[in-house]
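Bear in mind that the values in this text are calculations on the coordinates, not laboratory data. Small disclaimer: the values here were computed from a predicted structure and weren't measured. Positions of Cβ are generated from backbone atoms using ideal geometry, with glycine treated the same way; all protein chains shown enter the neighbour counts.
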Amino acid sequence: MASLKYWNVLFIQFLVSFLFLGPFNLYSQEYVISYTVQDICSCDIDLDNDQDLVICSANDGTTPDTLYIFYNDGNLSKSAINRTNRIYVLCGNIDNDQYPDIITGYDSVSYIKNNGNGTFGEEIGLIPSNSYRYIRYIADMDNDGLNDLVYSYSAMYNIWGILKN
């Protein structure tokens, strides 16, 4: 456990910074999409050395949900991919071609290939419907050079697993 002296030093550093440099200068800029925001992830989807945003949007169940990509180009230009029944989204290189792909799902898990030219392939199901697995991380868990998918279940909190690529 950190000593009281350590925390006092941190507090004094914070106080001096606040008094002499002023409060943090944060501001908010808000964006509107068509439906409810379900999840947001960031990755360099176009490999231009900055973080872009992928936003998963759900609707009322009568029209397709949408994945929005906001490219970090100075204006946050938007691109939309229509998909159904999506409430979470992750980015990561699944097919070992250097471009971050999209993993999304709700009651099933799907992979959407990043073609590398600003377009995306068709949705490919990885896990069938009604499995209720949530992909939590994309990482090379077995050191074979390919990213794996780490998941948990939405209704069984003590079980998790790895989908090996």
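Structure above, values below:
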| item | result |
| --- | --- |
| Amide hydrogen neighbours beyond the local backbone of M141, cut-off 5 Å, H modeled | D148 |
| Full-extension gain in nm, S152 to E122, via 0.36 nm per residue minus C-alpha separation | 8.3 nm |
| Peptides 40-47, 92-99 ordered by average Cβ neighbours within 10 Å, highest first | 40-47, 92-99 |
| Positive minus negative residues near A139 (Lys, Arg vs Asp, Glu; Cβ under 13 Å) | -2 |
| Linear extension gain, S77 paired with E30, 0.36 nm per residue minus alpha-carbon span | 15.6 nm |
| Rg/Rh ratio calculated on Cα atoms of the range 105-159 (Kirkwood radius) | 1.03 |
